[in-house]
Amino acid sequence: MTIEIAPLTRDEVARRSGVDEQFVDRLVELGIVTSSEAGFTEGDVRRTRIMHALDAAGMPLEAVGIAIRQGQIDLSFVEDPAYALFAGPTEQTFADVSADTGIPLELLLTVREAMGSAQPAAGDRMRALELEVVPAVQLQLANGVRAEVIERMLRAYGDNLRRMSEVEADWWMSDVIQPVLARGGQADVGPQTADFANAFGPVGDRMVLALFHGHQSQAWLKNFFEGFEATLARAGLHSPNGRQPAICFLDLSGYTRLTEERGDEAAAELAGRLSRLVQRTSARYGGKAVKWLGDGVMFYFRDPGQGVLAALDMIDGAAEDGLPPAHVGLHAGPVLFQEGDYFGRTVNVAARIADYARRGEVLVSDDVVGAAQEEPGVRFDAIGPVELKGMTEAIPLNVARRVGQDAPTR
């Protein structure tokens with residue numbers, strides 16, 4: 001059975017695209033959107049939304065119209081299912097949904113910001129994708145999760161998913177679109193990539209969800225451990241070791257200069273090698289890479305001793321992989337976790353220690369030595385109190401190295 005899809009009027013296209021009717025008329029005059037006796041299509045809504053965004057970014061729509069008429073640009077690909085994400089707003093405003101669901105309006109407005117757009121007004125209509133977030137927020141609120149915690153979650157999820165979408169757009173451009181452009185023109189992009197785009201959409205979604213669930217299982221195990229540990233301690237069945245976690249910073253000496261000399265492609269290749277090294281090594285020792293810092297990485301280790309072992313392996317691994325020489329700083333102490341990142345004095349001290357470390361050196365504070373001195377095969381050589389930049393008092397530092405390994409000269 002064939003399902004008849006009712007054509008859309010000019011006013012409906014404008015409303016569903018979130019633009020005024022005059023903008024639709026302008027697109028029709030330029031030949032970007034084609035009007036017919038039957039009316040407009042859902043694809044015209046998507047075309048209008050895309051053109052409105054390009055117009056706001058400074059793209060000359062008159063030139064786009066000329067290119068379409070000359071056959072140099074073809075927008076027919078937006079009719080494909082993969083481009084349903086450009087659907088227009090619904091009839092429900094943020095204020096309406098807030099009143100219907102009981103979700104605080106300010107929290108609901110955060111949903112759009114988490115998706116990378118500017119903060120909306122209460123009377124703005126919600127997009128279909130935004131409405132899909134509403135049930136999860138409702139469920140969290142109903143089970144006692146505070147609104148401010150949900151807002152932090154939305155912003156953290158949005159920020160990290162933004163990075164993922166940018167990486168996807170980058171490989172799509174470099175390895176899918178550019179080869180088509182090199183062989184022909186923009187008009188060939190849609191027809192030649194449609195099958196791939198439509199097929200990758202659902203499997204790509206499943207891939208992202210699977211990767212998320214993999215990380216989720218690791219994060220939940222941490223909660224299991226801490227919850228069980230607290231329960232056993234209250235029952236007198238277990239005594240936690242009282243160790244504070246360690247923050248570790250790894251920097252590559254001369255990385256910025258090297259990438260500037262060799263160019264962007266070499267920088268990307270170096271970044272890939274560094275990523276493989278730090279992810280594999282930190283995971284092996286129960287740690288995790290928290291964030292990338294241009295020429296280095298910040299890590300969190302629940303056990304400072306394991307952090308030292310990981311740091312020594314990463315120093316060796318950087319040399320073996322042909323990366324610029326690495327240097328590492330570690331400090332143990334209390335940290336504040338928020339929005340996927342760690343904050344506090346422990347983080348600041350670890351960063352300063354890393355700045356002071358020399359090439360091929362793992363420098364640690366006394367707090368790390370106290371928690372890691374029983375690690376087999378590792379020794380610590382004190383270098384005395386050091387005045388670090390930004391610190392109000394000198395901090396005793398130690399060089400960590402493997403037993404039998406010569407320490408870097410100071």
### When residues of the stretch 372-394 are limited to those that are surrounded by 14 or more Cβ atoms within 10 Å (Cβ to Cβ) and charged (D, E, K, R), the one nearest to the chain's Cα centre (by Cα)
Glu375
### Task
Could you please find all residues in the stretch 14-32 being touching a residue at least 12 places away in the same chain (Cβ under 8 Å) and either within 14 Å of Asp55 (Cα to Cα) or within 35 Å of the chain's Cα centre (by Cα) (or both)?
Ala14, Arg15, Arg16, Ser17, Gly18, Val19, Phe23, Val24, Arg26, Leu27, Leu30, Ile32
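Filter the stretch 140-159 for residues that are assigned to a helix (DSSP H, G or I) and exposed (fewer than 13 other Cβ atoms within 10 Å of the Cβ) and give the result. I'd like the intermediate steps shown before the answer.
Keep residues of the stretch 140-159 that are assigned to a helix (DSSP H, G or I), which gives 140-142, 147-159.
Of everything in the stretch 140-159, those that are assigned to a helix (DSSP H, G or I) and exposed (fewer than 13 other Cβ atoms within 10 Å of the Cβ) turn out to be Ala142, Glu148, Val149.
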### Pick from the stretch 219-233, criterion surrounded by 11 or more Cβ atoms within 10 Å (Cβ to Cβ) and of a type outside the set (A, V, I, L, M, F, W, C), ranking: farthest from Trp172 (Cα to Cα)
Thr231
### Query
Glu320 is checked against (1) crowded, with 18+ Cβ neighbours inside 10 Å; (2) farther than 28 Å from Phe225 by Cβ and fails just one. What number does that condition carry?
(1)
### Task
Among residues belonging to the stretch 114-139 that are of a type in the set (Gly, Ala, Ser) and assigned to a helix (DSSP H, G or I), point out the one that is surrounded by the most Cβ atoms within 10 Å (Cβ to Cβ).
Ala114
#### Entry: Condition met for Val328 (surrounded by 18 or more Cβ atoms within 10 Å (Cβ to Cβ), within 24 Å of Glu151 (Cβ to Cβ) and either touching a strand residue (DSSP E or B) at 6+ places or on another chain (Cβ under 7 Å) or touching a residue at least 24 places away in the same chain (Cβ under 8 Å) (or both))
no
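Within the stretch 293-322, which residues are over 22 Å from Ser365 (Cα atoms) and either part of a loop (DSSP other than H, G, I, E, B) or in contact (Cβ under 8 Å) with a residue 12 or more places away in the chain (or both)? Please lay out each step first, then the result.
Step one: of the stretch 293-322, the residues over 22 Å from Ser365 (Cα atoms) are 294-295, 317-322.
Matches in the stretch 293-322: Gly294, Asp295, Gly317, Ala318, Ala319, Asp321, Gly322.
Find the helices (runs of 4 or more DSSP H) located wholly in the stretch 171-270 whose residues include 3 or more that are in contact (Cβ under 8 Å) with a residue 12 or more places away in the chain, and list them. Lay out the reasoning, then the answer.
Details: elements: 178-183, 189-234, 255-262.
The qualifying helices (runs of 4 or more DSSP H) are 189-234, 255-262.
Please note which strands (runs of 3 or more DSSP E) are completely contained in the stretch 323-410 and include at least 1 residues that are modelled with pLDDT of 90 or more and of a type in the set (Phe, Trp, Tyr).
Working: elements: 326-332, 336-338, 341-343, 362-365, 378-386, 395-402.
Ranges flagged: 378-386.
Being at pLDDT 85 or above and surrounded by 12 or more Cβ atoms within 10 Å (Cβ to Cβ) narrows it down to one residue among Gly254, Gly201; which is it?
Details: Gly254 fails: at pLDDT 85 or above.
Of Gly254, Gly201, the one residue that is at pLDDT 85 or above and surrounded by 12 or more Cβ atoms within 10 Å (Cβ to Cβ) is Gly201.
Consider the stretch 341-351. How many of its residues are farther than 13 Å from Gly296 by Cβ and either touching a residue at least 40 places away in the same chain (Cβ under 8 Å) or of a type in the set (S, T, N, Q) (or both)?
Within the stretch 341-351, the first condition is being farther than 13 Å from Gly296 by Cβ, and the residues that meet it are 341-349.
Checking the rest, the ones that are also either touching a residue at least 40 places away in the same chain (Cβ under 8 Å) or of a type in the set (S, T, N, Q) (or both) come to 341-342, 346-349.
Matching residues across the stretch 341-351 total 6.
The values are calculated or read from the model by the stated rules, or taken from the named source; none is laboratory data. Only a predicted model underlies this, so the values are computations on that prediction, with no experimental measurement involved. Cβ sites come from the backbone with ideal geometry, for glycine too, and all protein chains shown count toward neighbours.
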